[in-house]
Amino acid sequence: MDVASGGAMLDKTAAQDGTDRPQAASGTATVWDIAVVGAGSAGLPAAIFAARRGARVLLLDHAQQLGGSLWVATGQMSAAGTRLQREHGVVDTPDLHFKDVMRISRGTANPGLVRLAVDNAADTFDWLMDAGFEPLPDHPVKGFGHEPYREKRYYWGAEGGLSVKNVLVPIVEKLADEGLITIALGHDVTRLLTDDEGGIIGLAANGPDGIEHTYHAGAVILACGGYAGNPEMFERLNGYPQYNAAPYPWSRGDGLKLGLSVGGYARGQENVFVNFGSLFDTDTFPAMITGRIEHFPERRKPWEIYVNVHGKRFVREDIESVDAREMALLHQPDYRYWIVFDEAILQNAPPIVVGWTREQMIEAFERAGPAFLTADTLEGLAQKAGIDENGLISAVSGYNYGVQTGNDFFGRQHLPRAIAQGPFYAIRMQASAISSSIGLAVDDRLRVVREDGSPITNLYAAGEVLGSSQTMGKAACGGMMVTPAMTFGRLLGQSLVPVGEPA
């Protein structure tokens, strides 16, 4: 990767008071080679690789802990051409990975950034393995939870994102102990410092003492995540409420705001994405999920039907494509639907909530929360759910015709029994997202750019601050968030400063 240097190695003097707040030594000015804003998937590798090249690195985070969204992320990674693949006899290349991402995203991902990510992903993953990461024993696999890849290039650890965090954080802490990285936790970066030409020369941050401090740097890397933990910003940008309370609470959109404040711009609005629904048994949002619905027909074939607020079916319930289900929901009012069935299905089908027994299902309907609805008639069920009564009756009648004849109007193959005898049941499902589709625009060298394409001098960005849509498009491409974040951070750390003495 040929990234333009943020400037030559700079003269600097600094002292630290032992409280993770960098201070200038008396009578001196602190100047850093690189200031990294955000200590997560992208920021930690950026700091590691820059420090190992001899740079003086300042690593800031508003949280009081290192790790960023790795504390809550699933930590799924993908990379082609890894040693682990070769050990398992998997023949794979970055070209095949690139084609798969563009296939799954239907061409909506950013080809330049995808190319940069997949071409360098194997080196990132091999390095992580060398540093102590342990994937699950049967990995790599083709996929889980998302549209599968055509090759086995998908990996994660037993503890999800924590498995990655537990490798990266100790490396940073060791480098900090050696004086090669200065960690500034509890620091809220409030603005970027610019010169007369608009180039970045540092940043200002409010420390734990509540006082604004300024830090001069040869380059600033924005790696402070997305906006999914900021409900107001999420709804304003995505166009629907933030229903899910699972995102990292410090993902507040600060990096996006900082980049915009100095002339950058946001992109990815056309690729706002939702998953295929979460189970929230509440009307107070954001909320944590109540349980996980088994939507995967390869693991549990559906006995129920899915209807929208008009009472109409909108997708073939046994379709195996995750992407097809997600795209179908994207066209439904409020991204909401209901799973509808009757007493016979409740008693005979495997419970649709993962890990629940039939007795737990029955108890949920007896509690009569907002998401678990029951009535003796379809008319009564529609009234309780707030969906169109005639539409629901028509949908159930049409489905029952398919059961009787084998000719389902949607082409559904698994038709175990009609929905015919009350009481009837509905489980309300709400689409949500835990990542941020929209983000700062960068070029293929990860420089933050203006709308005319010109780069903002000395300002770079990596990770979810770019928007998940840049490496995944309008889809969920497995492992195309954590791995690109780490890869982009690594590349910036390696390239933004001249080679110094090995650390």
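The values are calculated or read from the model by the stated rules, or taken from the named source; none is laboratory data. Just so it is clear, the structure is predicted and the values come from calculations on it, not from any experiment. Neighbour counts run over all protein chains shown; Cβ positions are idealised from the backbone, glycine included.
Filtering region 461-474 to residues that are out of contact with any Pro (no Cβ under 6 Å at 6 or more places or on another chain) and buried (at least 24 other Cβ atoms within 10 Å of the Cβ) leaves Ala461, Ala462, Gly463, Glu464, Val465, Leu466, Gly467, Ser468, Ser469, Gln470, Met472, Gly473. Surrounded by fewer than 14 Cβ atoms within 10 Å (Cβ to Cβ) and more than 15 Å from Gly67 (Cα to Cα): does that describe Glu178? Judged against the criteria, Glu178 is a match. Just to verify a result, which residue in region 403-423, among those that are buried (at least 18 other Cβ atoms within 10 Å of the Cβ) and not basic (Lys, Arg), is farthest from Ala246 (Cα to Cα)? Looking at the filtered set, the residue picked out is Asp408.
Among the criteria (1) outside any helix (DSSP H, G or I); (2) modelled with pLDDT under 95; (3) crowded, with 21+ Cβ neighbours inside 10 Å; (4) not aromatic (Phe, Trp, Tyr), the one Val315 does not fulfil is (2).
So which residues in region 424-466 are polar (S, T, N, Q) and either in a loop (DSSP other than H, G, I, E, B) or closer than 23 Å to Gly67 by Cβ (or both), if there are any at all? Listed by number, the residues that qualify are Ser432, Ser435, Ser436, Ser437, Ser454. Restricting attention to region 297-305, does a residue exist that is assigned to a helix (DSSP H, G or I) and either of a type outside the set (S, T, N, Q) or surrounded by 16 or more Cβ atoms within 10 Å (Cβ to Cβ) (or both)? No - not one qualifying residue is present in region 297-305.
In region 235-292, the qualifying residues are those that are polar (S, T, N, Q) and assigned to a loop (DSSP other than H, G, I, E, B), and the one that is farthest from Tyr306 (Cα to Cα) is Ser251.
Can you confirm whether Gly81 is over 17 Å from Asp119 (Cα atoms) and either surrounded by 18 or more Cβ atoms within 10 Å (Cβ to Cβ) or out of contact with any Cys (no Cβ under 7 Å at 6 or more places or on another chain) (or both)? It is false that Gly81 is over 17 Å from Asp119 (Cα atoms) and either surrounded by 18 or more Cβ atoms within 10 Å (Cβ to Cβ) or out of contact with any Cys (no Cβ under 7 Å at 6 or more places or on another chain) (or both). Screening Ala431, Ala426 for residues that are in contact (Cβ under 8 Å) with a residue 24 or more places away in the chain and buried (at least 23 other Cβ atoms within 10 Å of the Cβ) leaves exactly one candidate, Ala426.
There is at least one residue in region 212-234 that is under 25 Å from Ala433 (Cβ atoms), in a loop (DSSP other than H, G, I, E, B) and without any contact (Cβ under 8 Å) to a residue 40 or more places away in the chain.
A Cβ distance below 6 Å, combined with a sequence gap of six or more or placement on separate chains, defines the contacts here; from region 379-398, residues that are over 13 Å from Lys312 (Cα atoms) reach residues that are modelled with pLDDT of 95 or more and part of a helix (DSSP H, G or I) in the pairs Glu379/Glu389. On the stretch given as region 219-245, residues that are among the hydroxyl-bearing types (Ser, Thr, Tyr) and farther than 25 Å from Leu44 by Cα total 2. Select from region 367-382 the residues that are part of a helix (DSSP H, G or I) and buried (at least 21 other Cβ atoms within 10 Å of the Cβ) and list them in ascending order. Within region 367-382, Leu378, Leu381, Ala382 meet the criteria. The one condition from (1) in contact with a Lys or Arg (Cβ under 9 Å, 6 or more places away or on another chain); (2) surrounded by fewer than 16 Cβ atoms within 10 Å (Cβ to Cβ); (3) within 22 Å of Gln85 (Cα to Cα) that Leu136 does not meet is (1). Restricting the search to region 170-199, which residues are in contact with a helix residue (DSSP H, G or I) (Cβ under 7 Å, 6 or more places away or on another chain) and outside any strand (DSSP E or B)? Answer for region 170-199, where residues must be in contact with a helix residue (DSSP H, G or I) (Cβ under 7 Å, 6 or more places away or on another chain) and outside any strand (DSSP E or B): Ile171, Val172, Leu175, Leu180. Of everything in region 475-499, what is surrounded by 24 or more Cβ atoms within 10 Å (Cβ to Cβ) and not in a loop (DSSP other than H, G, I, E, B)? Give them in sequence order. Matches in region 475-499: Val482, Thr483, Pro484, Ala485, Met486, Thr487, Phe488, Gly489, Arg490, Leu491, Leu492, Gly493.
Within region 256-279, is even one residue in contact with a Ser or Thr (Cβ under 6 Å, 6 or more places away or on another chain), crowded, with 18+ Cβ neighbours inside 10 Å and within 22 Å of Gln360 (Cβ to Cβ)? Yes, there is a match, as at least one residue in region 256-279 is in contact with a Ser or Thr (Cβ under 6 Å, 6 or more places away or on another chain), crowded, with 18+ Cβ neighbours inside 10 Å and within 22 Å of Gln360 (Cβ to Cβ). Number of residues in region 445-503 that are hydrophobic (A, V, I, L, M, F, W, C), within 15 Å of the chain's Cα centre (by Cα) and at pLDDT below 95: the value is 3.
Among the conditions (1) in contact (Cβ under 8 Å) with a residue 12 or more places away in the chain; (2) within 36 Å of the chain's Cα centre (by Cα); (3) assigned to a loop (DSSP other than H, G, I, E, B), Ala420 misses just one, which is (2). Residues in region 148-157: is at least one among the basic types (Lys, Arg) and free of Cβ contacts under 8 Å to residues at least 60 places away in the same chain? Looking for residues that are among the basic types (Lys, Arg) and free of Cβ contacts under 8 Å to residues at least 60 places away in the same chain, one finds at least one in region 148-157, hence yes.
Total residues in region 445-460 satisfying the condition of being buried (at least 17 other Cβ atoms within 10 Å of the Cβ) and at positive phi: the figure is 2.
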